[in-house]
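Report on the following structure.
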Amino acid sequence: MTAEPDLRVARGPGATVWAPETVTDDPFNAQTPAAALAEPTTPAAALFVRDHFGIPEADPGRWRLRVGGAVATPLCVGHEELLALEHQELDVVLECAGNGRSLMRPLPPGLPWSQRAVGCARFAGVPFLLLADRAGIDPAAVEILFTGADRGTVRGRGTPFARSLPLAVARHPDTLLATRMNGAPLTPEHGAPVRLVVPGRYAVADVKWLVGAEALTRPFDGVFQAEEYLYLDPRGTPEGPVTALRVKSLITEPAPDEDLRRGHESVVRGHAWSGDGVPVRRVEVRAEHADDGRDREHVRGWQPAVLEPPAGPYAWRSWSYRWTPQEPGPYRVLSRATDARGDAQPSQAPWNARGYGCNPVACVEVVVV
Ligand SMILES: Nc1nc2c(c(=O)[nH]1)N[C@H]1C(S)=C(S)[C@@H](COP(=O)(O)O)O[C@H]1N2
Ligand SMILES: [Mo]
């Protein structure tokens, strides 16, 4: 594993060639480059990648989705058949549950993501509900188990990547069998030909290279459900599974260590989102002098940012704040989002043993010259 970011972003005169920054090579894990995060929709080629195993061979011509388990009529659906069904389009924030883990102290085990295992993309897909209704889910079913074509060994046991959802979540009309991202077919690293997209939840729910959907009459206890992706307290006691995205903002401008000019207006920009389709209600910005931690001049305490309308209930909202610094020196520029439930980003990274759900106030350090 290498912590050194591999910046493979080439900017040509007319086009930007995007590539995510490698975190590990095998399996491939990479984060979204900072420049790509500034875009309202994250380009597919720049979006972070989180793979537990390798990318499986997925020939759309041979791809099948098997819907089975506790159903009246098991189904076997081919790619053409799925493409022919009515698709919905949704802009969705995709965020790894471990996003931001590298800010936690002590550092929990796991990939040392900075706050860039995130992006917002437009997915087109068929509601799983449509196939669920065709198959006729047994009234005794409590969960749907979704299985990917990738497999490997975790703690000595062979397993596919498999995750379950409560029946009501699986049957939600916005839970999609996605075939397209940002107007093009899914790419291999993002789950081609078909992945699950569960808007408003941490992206571990979004099973890539989807090949199975099985109705279960008992909760699934596979490794990625019952052993990983749990919030654990400092003594290792489970406090519950990783589910809804926690409210969060990120700052895309100015860049870290950027020089701002005193007396000149600068624009602070970023995005903000929350989970379960709960809208972001407020983003506040604060610039504090890094020498003494106090606010100076123009900015006093938390100031409201201007919010753009989101591209949909599960998309992030872009925001901006105009700041004309009056005094020179090093500053910390902070942003804090609050959602319609009243949940706000905490000032400190919330610690847990696996480093999930890290949503402290966003911070970028700049110098006013
Ligand atoms: N089949 C499969 N699906 C998967 C994973 C995986 O390793 N295998 N990783 C999950 C995790 S933890 C995340 S954060 C998202 C990442 O999606 P992306 O790589 O398209 O950004 O995929 C999820 N779906
Ligand atoms: Mo993840």
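The values are calculated or read from the model by the stated rules, or taken from the named source; none is laboratory data. None of the values given here were measured: they were computed from a predicted structure. Cβ placement follows ideal geometry from the backbone for every residue including glycine, while neighbour counts extend to all protein chains displayed. We work out accessible area using only protein heavy atoms, side chains counted, and drop any ligands, DNA or RNA first. Shrake-Rupley method; radii C 1.70, N 1.55, O 1.52, S 1.80 Å.
Points worth noting:
- Value of D in µm² per second that Stokes-Einstein yields for region 53-124, Kirkwood Rh from Cα pairs, at 4 °C (1.567 mPa s): 80 µm²/s
- When only alpha carbons are used to place a centre, region 174-228 and region 261-328 end up 33 Å from one another.
- The chain: relative contact order in percent, alpha carbon pairs under 8 Å with at least 6 residues between: 16 percent
- With N the number of residues in region 119-199, Rg(Cα) / (2.2 N^0.38 Å) evaluates to 1.20.
- Region 165-306: equivalent-ellipsoid semi-axes (sqrt of 5 x gyration tensor eigenvalues, Cα, Å): 40, 21, 14
- Diffusion of region 165-206 by Stokes-Einstein, at 10 °C in a medium of 1.306 mPa s and with Rh set to the Kirkwood radius over alpha-carbon pairs, works out to 147 µm²/s.
- Accessible carbon and sulfur surface of the chain relative to its total accessible area, %, 1.4 Å: 50 percent
- Per residue, the solvent-accessible area of the chain (1.4 Å probe, heavy atoms of protein chains only, all protein chains present) comes to 44 Å².
- The relative contact order of region 149-194, computed from alpha carbon pairs under 8 Å that lie at least 6 residues apart in sequence, is 20 percent.
- Alpha carbon centroid spacing (whole Å) that separates region 77-94 from region 231-250: 30 Å
- Enclosed volume per residue, in Å³, of the convex hull spanned by Cα atoms of region 59-181: 150 Å³
- Sites matching GluC sites (Glu not before Pro) across region 281-367 that sit in DSSP coil, with at most 15 neighbouring C-beta atoms within 10 Å: 297
- Taken over region 145-236, the convex hull of the Cα atoms encloses 126 Å³ per residue.
- Size-normalised alpha-carbon gyration radius of region 233-285, reference 2.2 N^0.38 Å: 1.72
- Helical content of the chain, expressed as a calculated mean residue ellipticity at 222 nm, amounts to -1000 deg cm²/dmol (DSSP H runs of 4 or more residues, -39,500 (n - 2.57) each, divided by residue number, nearest 500).
- Listed residue (236, 268, 220) projecting farthest to the positive dipole end of region 218-296, Cβ model: 268
- Put simply, the Cα atoms of region 93-154 extend 48, 31, 22 Å along their principal axes, the longest span coming first.
- Each of 103, 55, 42 was scored by the projection of its Cα onto the charge dipole of region 7-116, and the greatest displacement toward the positive side belongs to 103; charges sit on the C-beta of Lys, Arg, Asp and Glu.
- Ordering of 233-241, 27-35, 115-123 by burial proxy (mean other Cβ atoms within 10 Å per residue, highest first): 115-123, 27-35, 233-241
- Cα-based values for the chain, radius of gyration first and Dmax second, are 21.4, 71 Å.
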